[in-house]
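The values are calculated or read from the model by the stated rules, or taken from the named source; none is laboratory data. Keep in mind the model is a prediction, meaning the values are calculated, not measured. Positions of Cβ are backbone-derived with ideal geometry, glycine not excepted, and every protein chain shown enters the neighbour counts.
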Amino acid sequence: MTLLIIIIALALIFDYINGFHDAANSIATVVSTKVLTPFQAVLWAALFNSVAFWIFKDHAVANSISKTVYKDFITLPVIFSGLIAAIFWNLLTWWYGIPSSSSHTLIGGFAGAAIAHALMIKGIDYSWAKIVDSDTITKTILFIFLAPIIGIVISIFITVVTIMRNVWWRLAIISIATLVTVLMFDKFEDTKIKENIQKFYSIDKYQKEIATIQGNLVTKQGDTSLLAALQLNEGKLEKANTYYNHLVPYLSDFDKSYADKIAATAKDSGWLKTAAVSKLKDAVRNANNFLVLEAKAPENEEAREEYAIAKVKTEEYKEPLKLYLEGNISLDSALVVVNSIYPIADKNLDKVKVKINKFNIEKIFAGEIDKADNTVIVFGIIGASILFMIIYVYVEKIKTPTAHSVAYMFKKLQLFSSAAFSIGHGGNDAQKVMGIIGAALIANGSMQDFSQLPDWVPVACYLAIGLGTMSGGWKIIKTMGSKITKVTPLEGVAAETAGAFTLFFTGQMGIPVSTTHTITGSIIGVGATKRLSAVRWGVTTTLLWAWVLTIPVSGVLAALTYFIVHYFTK
């Protein structure tokens, strides 16, 4: 319990320090251009960071961080070591005014600590591919470079279009760009919905298990148990694909059908029956401390043995739960059979009953579809484009344009662009510390899953990042707002809009990117539109080195920290 409390405190400290870095990104240009005072900008950013939680239903950065390390190697000491390394690197880069990525620091820290932990228990020759998700790491490293490049390209495009003398050509280009963006986001939505439903039916899981079994059969040809397992998983995959293929036409027509209607159709057609049994089985065993047992298994021999038994036995819950869902037996009868298969602890019996009574496969299925819905984002993009076009026409055609009126227009527009970037930042980063605390609570056995996250966790995280923004981010604001290049209100609008679009774009693709890298690239882009010499490339080179080094340095620091922690606690 003591280590858990320390980890929660460290997570909030990291969140506070994160305010120096990431939250400051969304207000750097609006402060540097004197559109808002630092205090006003902090409140503005905090407001729209919070608004993001009503807009974004998936949180790609938090998910990526949680998936960086396979759960068999996540323990409280690993989380502790990763946080220590992340805090140290964030403080070091803050001290020198270098806007490094807090997300990448966490990813590097957790990966490094987990690798150190795995090598100690599995041996030095244990494959790293079995410890960390190489795809997540590869994507993260790739977008260290791609995120700022995307920001540069978009900010140059926005700046060039904005300074066009012919307002009608400007409006035409904005309209075309908006249409292309809407079509692109519609494609993202369609792809994400189908990915979610494939995961709902465990298609990816069956494919992975089949590939693993086929790999084992190369060295164990004719192994009857492997062949039986292969046949079983191929049968499950075929059934899951059949249900999924039935649903594809409805999913492709989501904007007309909507989630509730698709879910009702799927239930009425019998395409959710098999999934319902599996999902209810998971709900019942999780309410009986299965996830807590799973979390303790890597570090505790007794828990590991019990988990191995529970994992096999609780699969047999499916038969009585199937009979219950079909209405062939009562809840009490189902629980009697479930209890005879693998006992439910007395203290968990009421929780199990609540889970069963509240279970609604139709609602769960609709929720998986709804998570991919980006209608609010699309309407926001369309609304912002219309607003910009109306303001352009009013200032330049209805009123007589003057230098003062145009400058005033861009100062007001910067309020909207900074708000958009804050929303992008909130949707991209704001839940990562909540995820860390949640993982620690599960690893400690204090809760079953993230749905039980206590109310104080998000409150504490919001407060910590807000206080961090108000008290320490000005060194980085100075770096991005003036040291890279001098930013005017027009360029501030272009940089923030480009940064916001990049965050929305990569967020829809589920790719973890850094808000720091994104806004830095966008600021470089607006500077380069004046002339390449307007960008202080010496400062930019220093930033690039910090970005490249963040993951490996954090990983090494976390590994060293883990070895020290292990030495003093063994």
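Per the listing TYR567, TYR562, the residue uniquely surrounded by fewer than 24 Cβ atoms within 10 Å (Cβ to Cβ) and at pLDDT 65 or above is TYR567.
Would you check if there is a residue in region 97-105 being surrounded by 24 or more Cβ atoms within 10 Å (Cβ to Cβ), in contact with a helix residue (DSSP H, G or I) (Cβ under 7 Å, 6 or more places away or on another chain) and under 20 Å from LEU3 (Cβ atoms)? No, region 97-105 has no match at all. Every test in (1) modelled with pLDDT under 75; (2) farther than 23 Å from ILE6 by Cα; (3) buried (at least 24 other Cβ atoms within 10 Å of the Cβ) is passed by ILE65 save one, and that test is (2).
Screening region 401-415 for residues that are polar (S, T, N, Q) and surrounded by 11 or more Cβ atoms within 10 Å (Cβ to Cβ) and picking the one that is modelled with the highest pLDDT gives GLN414. One residue stands out in region 383-404 among those that are in contact (Cβ under 8 Å) with a residue 60 or more places away in the chain and touching a helix residue (DSSP H, G or I) at 6+ places or on another chain (Cβ under 6 Å): the one that is nearest to PHE504 (Cα to Cα), namely SER385. Scan region 375-400 for residues that are in contact with a Pro (Cβ under 9 Å, 6 or more places away or on another chain) and either surrounded by fewer than 13 Cβ atoms within 10 Å (Cβ to Cβ) or in a loop (DSSP other than H, G, I, E, B) (or both) and jot them down. Matches in region 375-400: none.
On the given criteria, is LYS205 loosely packed, with under 13 Cβ neighbours inside 10 Å and closer than 30 Å to LYS371 by Cα? No.
Per-residue answers, yes or no, for (1) modelled with pLDDT of 95 or more; (2) touching a Lys or Arg at 6+ places or on another chain (Cβ under 6 Å); (3) hydrophobic (A, V, I, L, M, F, W, C); (4) farther than 17 Å from ILE364 by Cβ:
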{"position": "LYS267", "(1), (2), (3), (4)": "no, no, no, no"}
{"position": "LEU280", "(1), (2), (3), (4)": "no, no, yes, no"}
{"position": "LEU293", "(1), (2), (3), (4)": "no, no, yes, yes"}
{"position": "GLU299", "(1), (2), (3), (4)": "no, no, no, yes"}
{"position": "VAL312", "(1), (2), (3), (4)": "no, no, yes, yes"}
{"position": "GLU319", "(1), (2), (3), (4)": "no, no, no, yes"}
{"position": "LEU331", "(1), (2), (3), (4)": "no, no, yes, yes"}
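For region 159-196: of the residues being more than 30 Å from ALA259 (Cβ to Cβ) and among the basic types (Lys, Arg), which is modelled with the highest pLDDT? Here the residue is ARG170.
This table checks each residue for (1) assigned to a helix (DSSP H, G or I); (2) at pLDDT 75 or above; (3) in contact with a Leu (Cβ under 7 Å, 6 or more places away or on another chain).
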residue: ILE7; (1), (2), (3): yes, yes, yes
residue: LEU10; (1), (2), (3): yes, yes, yes
residue: ILE13; (1), (2), (3): yes, yes, no
residue: HIS21; (1), (2), (3): yes, no, no
residue: VAL31; (1), (2), (3): yes, no, no
residue: GLN40; (1), (2), (3): yes, yes, no
residue: ASN49; (1), (2), (3): yes, no, no
residue: ALA52; (1), (2), (3): yes, no, no
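Being buried (at least 19 other Cβ atoms within 10 Å of the Cβ) and charged (D, E, K, R): is that true of LYS313 here? Against the criterion (buried (at least 19 other Cβ atoms within 10 Å of the Cβ) and charged (D, E, K, R)), LYS313 does not qualify.
Annotation: ALA372 fulfils all but one of (1) within 33 Å of the chain's Cα centre (by Cα); (2) surrounded by 12 or more Cβ atoms within 10 Å (Cβ to Cβ); (3) assigned to a helix (DSSP H, G or I); the unmet one is (3). Would you pick out the residues in region 122-151 that are more than 17 Å from THR550 (Cα to Cα), of a type in the set (Val, Ile, Thr) and surrounded by fewer than 18 Cβ atoms within 10 Å (Cβ to Cβ)? Answer for region 122-151, where residues must be more than 17 Å from THR550 (Cα to Cα), of a type in the set (Val, Ile, Thr) and surrounded by fewer than 18 Cβ atoms within 10 Å (Cβ to Cβ): ILE124, ILE149.
Based on what the data block shows, is GLU234 among the acidic types (Asp, Glu), surrounded by fewer than 11 Cβ atoms within 10 Å (Cβ to Cβ) and either touching a strand residue (DSSP E or B) at 6+ places or on another chain (Cβ under 6 Å) or in a helix (DSSP H, G or I) (or both)? The answer is no for GLU234. In this structure, does ILE309 turn out to be among the hydrophobic types (A, V, I, L, M, F, W, C) and outside any helix (DSSP H, G or I)? Against the criterion (among the hydrophobic types (A, V, I, L, M, F, W, C) and outside any helix (DSSP H, G or I)), ILE309 does not qualify.
Of all the numbered requirements in (1) over 15 Å from TYR324 (Cα atoms); (2) under 28 Å from the mean Cα position of the chain (by Cα), THR265 misses one, and that requirement is (2).
Each residue in region 111-141 was checked for being hydrophobic (A, V, I, L, M, F, W, C), at pLDDT below 85 and part of a helix (DSSP H, G or I), and 5 of them qualify. Quick one: in region 314-349, which of the residues that are small (Gly, Ala, Ser) and part of a helix (DSSP H, G or I) is farthest from ALA276 (Cα to Cα)? Among them, the one singled out is SER340.
In the condition set (1) surrounded by 14 or more Cβ atoms within 10 Å (Cβ to Cβ); (2) without any contact (Cβ under 8 Å) to a residue 60 or more places away in the chain, ASP260 is compliant with all but (2).
For (1) under 30 Å from ILE84 (Cβ atoms); (2) of a type in the set (Lys, Arg); (3) surrounded by fewer than 16 Cβ atoms within 10 Å (Cβ to Cβ), each residue gets a yes or a no:
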site: MET120; (1), (2), (3): yes, no, yes
site: VAL153; (1), (2), (3): no, no, yes
site: THR162; (1), (2), (3): no, no, no
site: ARG165; (1), (2), (3): no, yes, yes
site: ILE174; (1), (2), (3): no, no, no
site: SER225; (1), (2), (3): no, no, yes
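For ASP455, the conditions (1) at pLDDT below 70; (2) over 20 Å from GLU496 (Cβ atoms); (3) among the acidic types (Asp, Glu) are fulfilled apart from (1).
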